[in-house]
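Every read-out reported here was derived from the displayed coordinates using simple, explicitly stated rules and does not represent laboratory data. Computed from a predicted model, the values in this text were never measured in an experiment. Cβ sites come from the backbone with ideal geometry, for glycine too, and all protein chains shown count toward neighbours.
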Amino acid sequence: MSYKIIIISLSLFLSSLVSKGQNGYKNSISSNYSFYESSHFSGGDISAQGIDLSYERYFKKRFFGTISYGLYHFEGRNSIFFLEPEEMDFINMRVFNLGVGYDVLQTERFVLSGDITYMRQSTQELISQLESGGVIIRETGTIRDQTARVQLKARIFLTKNLQLIPAVAHGFQLSRYKSNWLRLGIGYSF
């Protein structure tokens, strides 16, 4: 299924619930630092670090929609597809997430929730290489991967609105990458 169809369908679903979300349910924004480890379907590993910005909108007491965009610096190992650091930009990986979540546990100072998202990541990699008569021609560019990601996160309220947000996540290998995430962020609810 095309990622455009998924994004449009999920956007329509989330926008149909906005009127319910504006009756006093919470909005949250957060900034997260992420550490990312991944394995490529054809061999090789990726290690990345970066930041993302997230927005969550509660539609019911425990149900919410989530969207995030992150910029990362990744380094690949043990695969011919990964470029040398001097061949890439410093920010060489971008990640977009769109999904829904549910608060499993809610107390006044602590919220434990899970979410499932559509994840799209793009990285700079070797696309093809041709060698003939001692001449090497390399084509590099952006590789895109689409998959699902599940996440378990805690929100520990430092004040009424400010919270510390640790999280762990796993991206499934539907095409290129299988990934594991450790995240730590600061959020604000309004």
The local net charge around L130, scoring Lys/Arg +1 and Asp/Glu -1 for residues other than L130 whose Cβ lies under 15 Å from its Cβ, equals -1
Using unit Cβ charges (K, R positive; D, E negative) and no other charged atoms, how large, in debye to the nearest 20, is the dipole of segment 84-168 about its Cα centre?
660
Once normalised by the length of segment 25-176, the mean sequence separation of its alpha carbon contacts under 8 Å that are 6 or more apart gives a contact order in percent of 16
Where labels lie 7 Å past Cα in the beta-carbon direction, separation of T107 and L164 in nm
1.5
Rounded to the nearest 0.05, what FRET efficiency is calculated for R77 and A148 with R0 set to 41 Å and r the Cβ-Cβ distance?
0.95
